[in-house]
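Below: one structure, written as structure tokens.
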Amino acid sequence: RRRLASRPVRISIVGPTHPIKGGVSQHTTVLASRLRAAGHEVEIVSWHRQYPRRLYPGVQVVAKPEFEPFEPTRRTLSWNRPDSWVREARRLHRRDLVVFAHITPVQVPPYLTMLRILRGYGTHTAVICHNVLPHDRGALDRVAVRALLRSTDLVVVHSDSQATEAALLTSTPIVVAQMA
């Protein structure tokens with residue numbers, strides 16, 4: 001694997017941001033802004049269509065930004081378009097670090113596809129788990145999330161209890177980073 005040098009790091013964050021509503025979108029935006037303020041070259045790769053409507057029937061987007069929108073942001077990923085996952089992973093392989101915002105096991109297939117492509121290029125990756133496993137777990141959730149966490153270089157969680165849960169699924173290094 002390539003070593004990250006002392007120069008500014010080229011980072012892509014893959015996850016929701018405006019106009020997708022909610023705390024994870026806000027976290028993605030704030031993280032990108034703070035990384036840029038620290039001197040890194042940052043972009044967000046977000047979702048054009050994040051979930052199937054039947055899994056999340058509520059309003060998924062907001063008209064007014066909850067935070068100042070971050071640029072550059074690419075809204076190219078779609079849950080039902082594997083070609084969008086492959087295309088973005090091939091484009092992202094030139095980045096020094098690609099960070100994935102894990103919210104739900106529904107996103108594991110796109111993320112696993114992208115991680116496997118990036119691994120082939122030797123690109124460093126991390127997964128930020130906003131919840132390692134969902135509160136309402138399905139039969140395959142543990143299997144899917146285990147595969148995701150084993151496919152990255154680093155797992156980031158927001159609490160010691162989440163670190164304990166992640167450690168039951170993977171031997172990948174785990175870091176606890178409190179949310180702002």
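The values are calculated or read from the model by the stated rules, or taken from the named source; none is laboratory data. Keep in mind that what you see is a predicted model, and the values were worked out from it rather than measured. When we count neighbours, we look across all protein chains shown, and the Cβ atoms used for this are built from the backbone with ideal geometry, even at glycine. In case anyone asks, the SASA skips ligands and DNA or RNA and just uses the protein heavy atoms, side chains included. Shrake-Rupley method; radii C 1.70, N 1.55, O 1.52, S 1.80 Å.
Scanning segment 49-61 for residues that are farther than 23 Å from C129 by Cβ and either in contact with a strand residue (DSSP E or B) (Cβ under 8 Å, 6 or more places away or on another chain) or at pLDDT 85 or above (or both) gives a single hit, V61. Among the residues making up segment 19-43, those that are surrounded by fewer than 18 Cβ atoms within 10 Å (Cβ to Cβ), closer than 24 Å to R94 by Cα and not basic (K, R) are V30, S33, A37, A38, G39, H40, E41. Looking for something hydroxyl-bearing (S, T, Y) and over 18 Å from G23 (Cβ atoms) - is there at least one such residue anywhere in segment 114-124? Yes, segment 114-124 contains a residue that is hydroxyl-bearing (S, T, Y) and over 18 Å from G23 (Cβ atoms).
Taking the numbered list (1) over 21 Å from P52 (Cβ atoms); (2) β-branched (V, I, T); (3) touching a His at 6+ places or on another chain (Cβ under 9 Å); (4) surrounded by 21 or more Cβ atoms within 10 Å (Cβ to Cβ) in turn, V145 passes all entries but (1).
Exactly one residue among E66, E88 is of a type in the set (D, E) and open to solvent by less than 30 Å² (accessible area, probe 1.4 Å), and that residue is E88. Among the residues of segment 1-28, just one is of a type in the set (S, T, N, Q), at pLDDT below 85 and either assigned to a helix (DSSP H, G or I) or within 14 Å of the chain's Cα centre (by Cα) (or both), namely S25.
Of the residues making up segment 76-105, those that are of a type in the set (A, V, I, L, M, F, W, C) and in contact with a strand residue (DSSP E or B) (Cβ under 8 Å, 6 or more places away or on another chain) are L77, W79, W85, L92, L97, V98, V99, F100, A101. Would you call A163 within 18 Å of the chain's Cα centre (by Cα), surrounded by 15 or more Cβ atoms within 10 Å (Cβ to Cβ) and farther than 15 Å from F100 by Cα? So A163 passes the test.
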